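Shown next, in structure tokens, is the structure this report addresses.
The values are calculated or read from the model by the stated rules, or taken from the named source; none is laboratory data. Computed from a predicted structure; not experimentally measured. We place every Cβ from the backbone using ideal geometry, glycine too, and count neighbours over all the protein chains shown. Ligands, DNA and RNA are stripped out before the accessible areas are found, and what is left, the full protein with its side chains, is counted by its heavy atoms. Shrake-Rupley method; radii C 1.70, N 1.55, O 1.52, S 1.80 Å.
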Amino acid sequence: MSKLLAIGTVAFDKIETPFGQTDKILGGAGTYIGLSASTLGIKTAIVSVVGEDFPKKYFDIFHNNNINTEGIEVVKGGKTFYWSGRYHNDMNSRDTLITDLNVLEHFNPIIPDSFKDADIVMLGNLHPLTQLSTLKQLEHKPKLVVLDTMNYWMDTALDDLHKVLKHIDVITINDEEARQLSGEYSIVKAAKKIYEMGVKYVIIKKGEHGALLFNDNNIFFAPALPLEDVFDPTGAGDTFAGGFCGFLASTGNISFENMKNAIIYGSCLASFCVEKFGTQRMENLNKEEISKRLKAFRDLTQYDFTI
Ligand code: AMP
């Protein structure tokens, strides 16, 4: 069975949207990636760090979804990473209210022996040197390494980010971040500049407007499913990335053609993620509802056009 190794935050999030607000709930990029990838029945592990305040019931959520947590270090007396954000009325933009790094400040990822031979590695949004340290611990080069990052690391650790970009295959970033990283306004030119940094595939996420995949001169576009109810976009990008990686791991095929399917699968799972606050919708997804929604995606984009 294929193995997917995901590194990223496991967090407490407090979220405010125009529809309401939460207390401190389970969040973190690693959490969303893991929950999403695990829908494919592959071996999935999350590598992260939490404090002693991280409740057992959250570990139970991971275990109920067959996620390996050997690589989630629990720091004695430590406090779990805490993030709080408030969404604007458009639900696309948000303000970060609080970021308490806590145990994340001294995070040194330790990859469990049983995942040092992972087929696919997803480097969630963390300091680029933490992402690089993950790769250095692997037994051999994985089939595919996917990286997510954000403008914060471009502002504060650009040289380190460039170092890690030389060792990865796919980058997932949003359109604004792609513009910042490349210095190009056109996202087509931005993707070309990012290839020059050593990355073969560039995925540009455009939130409710879907995602684009670039490789050489090939471009593929997938829409996001138009939804009646969007309650909380937190983690949608990570859920997308987890679904993308999980699909490639489960099929064992990393061709551009199969990446198109992986993008659709990732977009499909992201559409569930936003329907409820936090991870609620992702905790108990079943195969039937995923299949039904994949069909809705196919119907949305299929047409018969004679040229
Ligand atoms: P997204 O909505 O895809 O940006 O992901 C949201 C998740 O990222 C939340 O669950 C947060 O816990 C986590 N997060 C927020 N800020 C950071 C940060 N600076 N580094 C890593 N993870 C973060």
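Odds and ends about this structure:
- Residues being away from the ligand (no atom under 16 Å from the Cβ), open to solvent by less than 10 Å² (accessible area, probe 1.4 Å) and among the hydroxyl-bearing types (Ser, Thr, Tyr) - total across segment 35-69: 1
- Any hit, segment 249-261, residues being aliphatic (A, V, I, L, M), open to solvent by less than 50 Å² (accessible area, probe 1.4 Å) and out of contact with any strand residue (DSSP E or B) (no Cβ under 7 Å at 6 or more places or on another chain): no
- If you go through segment 92-128 and keep only what is out of contact with any Leu (no Cβ under 6 Å at 6 or more places or on another chain) and of a type in the set (Val, Ile, Thr), you end up with Thr96, Ile98, Thr99, Val103, Ile110, Ile111.
- Reported count of residues in segment 199-228, each being over 26 Å from Val164 (Cβ atoms) and open to solvent by 40 Å² or more (accessible area, probe 1.4 Å), is 6.
- The single condition among (1) open to solvent by 60 Å² or more (accessible area, probe 1.4 Å); (2) at pLDDT 95 or above; (3) outside any loop (DSSP other than H, G, I, E, B) that Tyr185 does not meet is (3).
- Residue within segment 27-34 that is out of contact with any Gly (no Cβ under 7 Å at 6 or more places or on another chain) and either open to solvent by less than 10 Å² (accessible area, probe 1.4 Å) or away from the ligand (no atom under 11 Å from the Cβ) (or both) present: yes
Yes/no per residue for (1) surrounded by 13 or more Cβ atoms within 10 Å (Cβ to Cβ); (2) free of Cβ contacts under 8 Å to residues at least 24 places away in the same chain; (3) closer than 22 Å to Lys57 by Cα:
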position: Tyr265; (1), (2), (3): yes, no, no
position: Ala270; (1), (2), (3): yes, no, no
position: Glu283; (1), (2), (3): yes, no, yes
position: Lys292; (1), (2), (3): no, yes, no
position: Tyr303; (1), (2), (3): no, yes, no
position: Ile307; (1), (2), (3): no, yes, no
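- Scanning segment 96-113 for residues that are more than 12 Å from the ligand (Cβ to nearest atom) and in contact with a Lys or Arg (Cβ under 8 Å, 6 or more places away or on another chain) yields a count of 1.
- Taking segment 200-219 as the range and being closer than 15 Å to Asp175 by Cα and touching a residue at least 40 places away in the same chain (Cβ under 8 Å) as the test, the residues that pass are Tyr201, Ile203, Gly207, Glu208, Gly210, Ala211, Leu213.
- Subset of segment 114-159 [under 24 Å from Thr99 (Cβ atoms), of a type in the set (D, E, K, R) and open to solvent by 40 Å² or more (accessible area, probe 1.4 Å)]: Asp155, Asp159
- Restricting attention to segment 1-26 and to residues that are more than 8 Å from the ligand (Cβ to nearest atom) and open to solvent by less than 10 Å² (accessible area, probe 1.4 Å), the residue that is farthest from Ile254 (Cα to Cα) turns out to be Ile15.
- Segments classed as strands (runs of 3 or more DSSP E), wholly inside segment 31-145, with at least 2 members that are within 23 Å of Ala270 (Cβ to Cβ): 43-51, 82-87, 94-100, 120-123
- Contact map, segment 65-83: residues that are free of Cβ contacts under 8 Å to residues at least 24 places away in the same chain and under 24 Å from Gly242 (Cβ atoms) paired with residues that are within 14 Å of the ligand (Cβ to nearest atom) and open to solvent by 20 Å² or more (accessible area, probe 1.4 Å), Cβ distance under 8 Å, separation 6+ or inter-chain. No pairs are found.
- Asp216 fulfils the conditions (1) farther than 24 Å from Leu300 by Cα; (2) within 16 Å of the ligand (Cβ to nearest atom) except for a single criterion, (2).
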